[in-house]
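Below you'll find the structure, written out as structure tokens, and then a few comments.
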Amino acid sequence: MVFVGKRPVACLAFSSAPRHIGCRDKFIGWDAQTRKKNLSLMAYNTRFLILPWVNIKFLASHILGQIAGILPQDWQSLYNHPVYYVETFVDTDRFNGTCYKAANWIYLGKTTGRGKNDHTGKPNRSLKAVYGYPLVRDFRDKLAGGWI
């Protein structure tokens, strides 16, 4: 939850990262075995909501910038291991991803529209834009080489 004073203005949720996203995996430069080993070192921004009554210019990108400094410590504290990279999906049929762009998140490409339990190889949902944000400068080394 994000508050201005005592009033809530936004909420965010984070979870473990999806196991295989082609454009993300290519961007990081890891193979399947390394991805499997180090996927837990990434976080996924599953939800981001600015509450409907809030009208504060640039609030969304500001929150995303702040969260990049807060998330690594919170993740370490909660899960007892670091997180070096965060990603999200944007449904471009509904949203433009403007706040992610303004907060310097990197557009990586689109999902395939097949979901995590795909057994057909055919799209069964809308394609989403994939955005990522490195939380440390050497994120590729850490994700490709591990943290132990």
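Determine, for Met1, Met42, the number of other Cβ atoms within 10 Å of each Cβ, and report the residues in order from fewest to most.
Exposure proxy ranking, most exposed first: Met1, Met42.
Using only alpha carbons, build the gyration tensor for the chain and give me the equivalent ellipsoid semi-axes, biggest first, whole Å.
Largest first, the chain gives 26, 21, 13 Å.
Just how many pairs of Lys in the chain have C-alpha atoms closer than 25 Å, counting pairs that are eight or more places apart or on different chains?
26
If the elastic network links every pair of Cα atoms under 10 Å, which of Thr88, Thr34, Thr111 fluctuates the most in the Gaussian network model of the chain?
Answer for the Gaussian network model of the chain: Thr34.
Using Cα-only point scatterers and the Debye equation, what is log10 of I(q)/I(0) for segment 1-85 at each q in 0.20 Å⁻¹, rounded to two decimals?
Scattering profile of segment 1-85, log10 relative to I(0): -0.97.
A short reminder: the numbers here are calculations on the coordinates, not readings from a lab. This is a predicted model, so every value here is computed, not measured. Cβ sites come from the backbone with ideal geometry, for glycine too, and all protein chains shown count toward neighbours.
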